[in-house]
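Q: Just passing along the structure, written as structure tokens.
The values are calculated or read from the model by the stated rules, or taken from the named source; none is laboratory data. Nothing here was measured: the structure is a model prediction, and the numbers come from that model. With ideal geometry, Cβ positions are generated from the backbone for all residues, glycine too; neighbour counts draw on all protein chains shown.
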Amino acid sequence: MSNQRDSFHSRIGFVLAAAGSAIGLGNIWGFPTQAANNGGGAFLVVYLLVTLLLALPALYAEIYLGNQAQSNPVSALERACKERLPRVGRYAGIIGLVGAMMMLSFYTIVAGWMLSHALSALTELFGFVDISNWLSTSSTLRNIIFTPIFIILGALIIHQGVHAGIEKWSARLMPVLLLMLFGLIVYILQQEGASEGLKLYLIPDFTQITEPKLIISAMGQAFFSLSIGVGGMMVYGSYMKKDKDIGKLVLSIAALDTFIAFMAGLLIIPALFVAQHAGQQVFVDNKLIGEGQLIFKVLPSLFQSMGNIGLIVSFGFFSLLSIAALTSTISSTEVPVSYLVEDKKMSRSKATWLVSAIVLMASMTLVAFFDALFGLVIMVLTTIMQPLMCLFYFIVIGWIWQRGNKLNIKAQTENNKWLTLFANYLRYVCPILLIVVFINIVFLA
């Protein structure tokens, strides 16, 4: 069966796909607003430290598990725990699968908003003002139309397979994302007021680095920006040949993800000060107004004030967010699809459309009961399920899975002190750090 599995055909294809999974709305939308609210440059310094200390090892743990097992996350965790806790491993894999579906249920709704706003700018540019206003106005009908569109876009890529679908489209979409991001940054930095944003972002106020709220925010952002804990990175790792240099691949993914988050800060934070310079209210009591207003009211108003060139910038900005959302949803969709294909012997096409149908029903449920369920689902996934799943990965690698213990054995055999240090770091330090993050986010944030 393993010989028949689809796979990535190149290292760059894997890195672009995995980076695409990590690079999403959390990087381009979430990171800059967190930075603006939490000390700018000080937040950036703490974010980079936490990424190195915790998020990078967590990414390694998830990809390593998938790569060694060469199977979907449910089977991978079951095999890893078979000598001691086989049922626990399988149940944990299923929980991760459910987490991926939960992520898709709300992420596709938000992605639909991005797509509709991109089309709003385009339709206004061509003179269809009424259609543009409808596209930019939140409504249940808009959610009902655009959420399925986005789900279908992801399904059309996934059903083509790993190489022909995920790898090929990641190789196309990621360069487009980078080019659009660079172009938007160059344009925004030329506007009046942008220099104030650059100053806030790039010059850290080291007196704020020890602020508990800043540290908690940086921990949460670093951890969740790499899309860890729902199995997407694990299944991608399984599509690489076994025992490839996982360390270098993980460093490449984390570096690209962090670079995009940093560049997004260079776009969004100066743009906020450009908007403020133009007379719009951006900060209330030194805090950004709500993220929804920020992304869907303040910035669109700024773009509109620039005339036709602003509409082109608006189209580019929301298209950028749409591409980032699409590359992230692809990996989450692949988690249940790979499980159905490998464990339930379902064809990839049938599995893809079945998963898409389930996600659509879940998304429409959130749309129908938006106020009660939308925020709750996000909170449960990001503050409970994802950190607990990552904690489980560390425990499996360090304490349960024999292959995980071999990191130490290999280090001793090769007399590699750095590998010994890293193996022990994964085993002892990372679980403690993650528990601290979890407690802080749940009880102190």
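Q: Return only the number of the condition from (1) of a type in the set (K, R); (2) surrounded by fewer than 15 Cβ atoms within 10 Å (Cβ to Cβ); (3) under 27 Å from A155 (Cα atoms) that R348 does not satisfy.
A: Unmet condition: (2).
Q: Next up: Within the bounds of the stretch 290-302, is there any residue that is in contact with a strand residue (DSSP E or B) (Cβ under 7 Å, 6 or more places away or on another chain) and not small (G, A, S)?
A: Kept after step one, since they are in contact with a strand residue (DSSP E or B) (Cβ under 7 Å, 6 or more places away or on another chain), are these residues of the stretch 290-302: 294.
Filter again for not small (G, A, S), leaving 294.
Scanning the stretch 290-302 turns up at least one residue that is in contact with a strand residue (DSSP E or B) (Cβ under 7 Å, 6 or more places away or on another chain) and not small (G, A, S).
Q: In this structure, does S363 turn out to be among the polar types (S, T, N, Q) and closer than 29 Å to S139 by Cβ?
A: Details: among the polar types (S, T, N, Q): yes; closer than 29 Å to S139 by Cβ: yes.
So S363 passes the test.
Q: Can you tell me which of (1) more than 30 Å from V235 (Cα to Cα); (2) touching a residue at least 12 places away in the same chain (Cβ under 8 Å); (3) not aromatic (F, W, Y) is the one A351 doesn't meet?
A: Unmet condition: (1).
Q: Give just the number: which of (1) buried (at least 22 other Cβ atoms within 10 Å of the Cβ); (2) in contact (Cβ under 8 Å) with a residue 40 or more places away in the chain; (3) over 19 Å from A261 (Cβ atoms) does Y47 not satisfy?
A: Only one criterion is unmet by Y47, namely (3).
Q: To continue, here is another question. So which of Y91, Y64, Y60 ends up being assigned to a helix (DSSP H, G or I) and over 17 Å from L388 (Cα atoms)?
A: Details: Y91 fails: over 17 Å from L388 (Cα atoms); Y60 fails: over 17 Å from L388 (Cα atoms).
Step by step, each of Y91, Y64, Y60 is checked, and only Y64 is assigned to a helix (DSSP H, G or I) and over 17 Å from L388 (Cα atoms).
Q: Got a number for residues in the stretch 1-27 being at pLDDT 80 or above and among the β-branched types (V, I, T)?
A: Selection size over the stretch 1-27: 2.
Q: Are there any pairs, at least 6 apart or on different chains, whose C-beta atoms fall under 6 Å, with the first in the stretch 181-200 and among the acidic types (D, E) and the second buried (at least 20 other Cβ atoms within 10 Å of the Cβ), and if so, which?
A: Correct list of pairs: E196/F273.
Q: Sort through I378, I409 and tell me the only one that's assigned to a helix (DSSP H, G or I) and either over 23 Å from G229 (Cβ atoms) or at pLDDT 90 or above (or both). Don't jump to the end; show me each part of the working.
A: Working: I378 fails: either over 23 Å from G229 (Cβ atoms) or at pLDDT 90 or above (or both).
Among I378, I409, only I409 is assigned to a helix (DSSP H, G or I) and either over 23 Å from G229 (Cβ atoms) or at pLDDT 90 or above (or both).
Q: Any residue at all in the stretch 98-115 that is within 24 Å of N424 (Cβ to Cβ) and assigned to a helix (DSSP H, G or I)? Walk me through it before giving the result.
A: Keep residues of the stretch 98-115 that are within 24 Å of N424 (Cβ to Cβ), which gives none.
No - not one qualifying residue is present in the stretch 98-115.
Q: Could I ask something else about it? Can you tell me which residue in the stretch 102-132 is surrounded by the most Cβ atoms within 10 Å (Cβ to Cβ), limited to those that are touching a residue at least 24 places away in the same chain (Cβ under 8 Å) and of a type in the set (F, W, Y)?
A: W113
Q: Return yes or no: is L52 without any contact (Cβ under 8 Å) to a residue 12 or more places away in the chain, in a helix (DSSP H, G or I) and out of contact with any strand residue (DSSP E or B) (no Cβ under 7 Å at 6 or more places or on another chain)?
A: Values: without any contact (Cβ under 8 Å) to a residue 12 or more places away in the chain: yes; in a helix (DSSP H, G or I): yes; out of contact with any strand residue (DSSP E or B) (no Cβ under 7 Å at 6 or more places or on another chain): yes.
The answer is yes for L52.
Q: Right, something else. For the stretch 181-298, which fully contained helices (runs of 4 or more DSSP H) count at least 2 residues that are surrounded by fewer than 16 Cβ atoms within 10 Å (Cβ to Cβ) and either modelled with pLDDT under 85 or on the phi > 0 side of the Ramachandran plot (or both)? Step through it out loud before you land on a result.
A: Working: elements: 194-202, 212-225, 232-238, 246-277.
Counting at least 2 such residues, we get 212-225.
Q: Under the condition of being in contact with a Gly (Cβ under 7 Å, 6 or more places away or on another chain) and small (G, A, S), which residue from the stretch 76-92 is farthest from G232 (Cα to Cα)?
A: Here the answer is A80.
Q: Only one of (1) farther than 24 Å from S332 by Cα; (2) touching a residue at least 12 places away in the same chain (Cβ under 8 Å); (3) over 18 Å from the mean Cα position of the chain (by Cα) fails for I246. Which number is that?
A: Answer for I246: the failing condition is (1).
Q: Restricting to the stretch 78-96, what's the tally of residues that are under 22 Å from the mean Cα position of the chain (by Cα) and not β-branched (V, I, T)?
A: Residues of the stretch 78-96 under 22 Å from the mean Cα position of the chain (by Cα): 92-96.
Right, trim to not β-branched (V, I, T) and you get 92-93, 96.
Going through the stretch 78-96 one residue at a time, the tally reaches 3.
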